[in-house]
1. Full-extension gain between D365 and K118, please, as 0.36 nm times their residue separation minus the C-alpha to C-alpha distance.
2. With θ set to phi - 60°, apply the Karplus curve 6.51 cos²θ - 1.76 cosθ + 1.60 along the stretch 325-342 and write out the HN-Hα couplings as whole Hz, x wherever there is a Gly or Pro.
3. Kindly provide log₁₀ I(q)/I(0) values, in the same order as q = 0.14, 0.18 Å⁻¹, from the Debye equation applied to equal alpha-carbon scatterers of the stretch 177-257.
4. Past 25 Å, Cα to Cα, is the threshold; run K204/K291; K39/K287; K39/K279 against it and keep the listed order.
5. In whole Å, what three semi-axes, largest first, describe the equivalent ellipsoid of the stretch 131-189 built from its Cα gyration tensor (square root of 5 times each eigenvalue)?
6. By the scheme Lys and Arg +1, Asp and Glu -1, what is the net charge of all other residues having a beta-carbon under 10 Å from that of Q271?
7. Among residues other than L190 whose Cβ falls under 10 Å from its Cβ, what is the net charge (Lys/Arg +1, Asp/Glu -1)?
8. Whole-Hz ³J(HN,Hα) for each residue in the stretch 188-205, computed from phi via Karplus 6.51 cos²θ - 1.76 cosθ + 1.60 with θ = phi - 60°, x for glycine and proline: what do you get?
Amino acid sequence: MKTKITPRIKPSSIFFLTTIVACLGLVPRLSLAQDEVEKATVQTLSKELLKPGMGPSGFPLPVAAHWNTGFWMGNGMPPKELTYTPEYIIGLIKEGHFVMPSIADPSWLGNRAKRQDKGWDWVGVANQGFELYWKPALEYLRDNNLPVIIPTGNLPSVMAYDPQIKEFHDLPREKHGAMFNAEGTPYKTLNPLADIETWRAAGKYLVDTPLMRRLQEVYPNPPLVIFIDNNELKPPSDPRHLSDPMYEGKYDALTEVERSRLLRKSIIERQAALHDGFKNNLSPGWKKVLKIAAYNNWGGSREKESTFYDPSFGPLEWTMFDGAMPEFYDNQWQEFKTDHTPSSAHNEATGIFSMRKWVNEQRPDYWFASIIWDGWETLGDRK
């Protein structure tokens with residue numbers, strides 16, 4: 001029997017944990033009482049979500065979640081019918097649906113409250129959010145020994161985006177995480193050769209807040225914690241980037257292959273430093289079970305002409321994370337990915353599936369999910 005979920009917003013990005021192709025299901029109800037349905041569902045979820053992606057017994061149970069975590073923009077909780085709040089998803093679990101609540105990343109709000117930014121009572125908003133949103137969700141996950149899943153923004157963005165983040169925005173040029181224009185002003189592009197300690201400090205900055213510590217205190221020993229990096233702010237990896245005037249001709253003598261190798265090594269090291277700063281500033285209970293996954297970091301055959309393809313090994317971008325979430329999008333801005341083309345979602349899935357086996361042979365604990373987009377922005381004139 002298939003689960004029918006009535007959309008609470010215009011559907012956008014739904015992701016499926018542990019498998020490529022999935023449908024939602026119901027625990028067979030028969031004559032089970034409601035509490036027995038919930039208990040059976042939770043037991044199944046807690047077991048299946050901790051299995052390896054490709055183990056001796058095959059694939060784990062497909063489980064669905066949503067990128068929309070139902071959080072608000074700082075002026076109170078949203079109407080419940082508009083979003084996929086943890087409360088709504090937990091209600092589905094109680095009915096027997098194989099779904100998982102994803103909870104909002106507290107780093108943005110936590111740091112605004114920590115800095116006490118002007119324009120709003122951010123401390124009050126953080127306290128309200130903790131009591132009304134994070135605490136009840138984490139208590140349910142804790143009481144049922146379920147994983148914590150947190151989609152995030154672009155983790156490195158704190159180095160390049162916000163002038164209010166003075167710890168990074170006001171750094172001298174030689175330590176700054178962003179590129180500089182001809183006028184000597186940093187702009188919203190990451191510097192792939194930036195001081196590696198700046199990247200490490202950015203990881204610490206994201207989680208070193210009172211709000212994040214309160215979340216960890218509510219659920220101190222989860223079986224698994226997954227942060228999913230939105231991964232859409234990446235350092236430039238094109239070898240031509242090293243011709244930027246900011247580098248003052250320092251790399252002009254290098255060949256294109258040498259430039260690619262330099263960028264590859266530099267970006268991999270800096271991404272590792274960011275994750276190191278992130279992990280090492282979590283509580284011991286969260287640090288030991290943490291995975292940092294990323295949206296669209298799978299690569300595969302599309303990487304063959306890029307910096308992140310090593311002829312002696314293969315695609316490399318997936319190696320920088322503990323998990324991957326490749327997209328299966330049929331959307332309005334990529335005509336070449338519609339159903340009747342070689343780049344359609346189902347054709348891409350065949351290549352991703354074979355690569356997944358190769359990845360799991362090297363890293364059996366590598367976490368995998370997929371994400372779909374149904375093209376709602378052109379709902380009225382779908383082709």
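1. On the way: separation 247, 0.36 × 247 = 88.92 nm, distance 4.34 nm.
Stretched out fully, the D365 to K118 stretch lengthens by 84.6 nm.
2. So the Karplus estimates, Gly and Pro as x, are 9, x, 8, 10, 10, 10, 10, 8, 10, 10, 4, 6, 10, 6, 4, 8, 10, x Hz.
3. -0.67, -0.90
4. Beyond 25 Å: K39/K287; K39/K279.
5. Working: eigenvalues 295, 24, 15 Å².
Here the semi-axes work out to 38, 11, 9 Å.
6. Working: positive: K234, R270; negative: D229, E269, D276, E317.
Net local charge, Q271 excluded: -2.
7. Details: positive: K188, K234, R270; negative: none.
Local net charge: +3.
8. 7, 9, 6, 8, x, 10, 5, 3, 5, 6, 5, 5, 5, 5, 5, x, 5, 4
None of the figures in this text is laboratory data; all of them are computed from the coordinates on show. These numbers come from a predicted model, not from an experiment. FYI the Cβ positions are ideal-geometry reconstructions off the backbone, even for glycines, and counts take in every protein chain you see.
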